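Here's the structure we're looking at; comments come further down.
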Amino acid sequence: MKNSNDKKTFAIDRFLFLLADRYLFRISIALLLLGSVLLRYKLAPEIRISADYDMYIAGWPAMYREMGFVEGMSHTIGDYYVPFNIMYAIIGLSPWEPWVLASVFSCTCDYIGAFFIYKIAGILLTEKNASHADIKAAFIGTLSLYLPFVFINSALWKQCDSIYICFALASLYLLLKDKYAASFIFLGISFAFKLQAIFFIPFYLTFYMIRRRFSVLQFLWLPFVYLLAGLPAVWCHRGIKATYLTYFMQTLEGTEGSEGYGLVAIYPNLYNLGLDDFLETFSLPAVIFTAMLLMLSMILAFRLKERFTFTNMVYLLVWQIWTFNMFLPSMHERYDYGAVLLISMLAFILPERSLLVAALLNVGSYITYLTACNLRSIPIPVLSLFYIAGYFYMSWELVLLYRGRPGVFTRTTAKS
């Protein structure tokens, strides 16, 4: 006997099949985005894990709440430049607990960064003539929201690295789209938020020397935006020297060890292997050696510029950022944020050369974040051995990539 509900059930099924056929991609993206929001919503109220919360993330806004915006801006609260001070003033003067807006600001920039990962991935996939490039790029951008170091940094730890990185990613996208003035303005904004934006500068110099499509004068946008960003503090009578030498004072924190760190600050590099206590001895040689390595990478790219594809150049950018972290003194566990995000993107686009490094850096970032939050993890010197091996592996892969040869793990017996 025929069930009276068969017709209704068939209609519902047909409707669901129609949804799947026409909108499965959009539904999948929407569900992934919703899941990422719920993840952050769950983690944001947790303030006990963050080792920095009471002193910095809640402490600095409390000072602005006590002093008011103008008086607070006239003092040196914290060690960040003016844009972050404005952000902490807004947090302090708001009626909510500090974790609320601190999480909102950082998590919002997670999504802005994911959008530009999507746009950059689209350019690289199109360059490789990948099928369904836009769909794949959208999934790559969305999945970046689920990388542990991304949501731990912004939602759980309430750190602000996603803020300067989202502007750096916007700048990189505009650079690849030949919109040079806008690109340098956004890089200047990134630099005004955090000093570590300078890790992108060698790449931009390399891009300038090889592409030769814009003037070196475009680099003047960086100091212009920096000076402009400092004006609110100057207007509040903080003083020109105290305002504009903020980053110089930050570098002294590292060289003088005033933060209680030695040659390295919870970052897994070679300085963890018995060199951490020799800050004064090795600081200058470390800077010189880092500059030498970056110069060699720029020469390699220039000499082999026929291999200049956007994918290869982003791979170079990741290596350059990682080089800063591996050899500069006083590197913190968060300073490779841009490198880990970009290599995670490349793991989908250039997996034969990127997947191993992406896995290492993601696991490593998770471990160092646990250490920084005073949670149990494997010793950093042990992790440093893996990072050193991974860095040499990527360095050799970079040479092979620019020489047009198969990677270490992708060699075949077929003739090239």
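Below, the figures for the structure above:
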| read-out | value |
| --- | --- |
| All positions within region 40-61 that are aliphatic (A, V, I, L, M), surrounded by 16 or more Cβ atoms within 10 Å (Cβ to Cβ) and in a helix (DSSP H, G or I) | L43, I57 |
| Candidate set from region 267-298 (those that are under 20 Å from Y335 (Cβ atoms) and of a type in the set (V, I, T)); member that is surrounded by the fewest Cβ atoms within 10 Å (Cβ to Cβ) | I288 |
| Unmet criterion (only one of (1) in a helix (DSSP H, G or I); (2) modelled with pLDDT under 90; (3) under 23 Å from Y366 (Cα atoms)) for Y271 | (2) |
| Restricting region 62-102 to residues that are among the charged types (D, E, K, R) and part of a helix (DSSP H, G or I), the residue that is nearest to the chain's Cα centre (by Cα) | R65 |
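Conditions (1) aliphatic (A, V, I, L, M); (2) at pLDDT below 90, marked per residue:
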residue	(1), (2)
T9	no, yes
R14	no, yes
L18	yes, yes
R26	no, no
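The rows are residues; the columns are (1) over 19 Å from Y335 (Cα atoms); (2) touching a Leu at 6+ places or on another chain (Cβ under 7 Å).
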residue	(1), (2)
F348	yes, no
N362	no, yes
Y366	no, no
A372	no, no
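The values are calculated or read from the model by the stated rules, or taken from the named source; none is laboratory data. Since the structure is predicted, the reported quantities are computational estimates derived from the model, not experimental observations. Backbone-built Cβ (ideal geometry, glycine too); neighbour counts: all protein chains shown.
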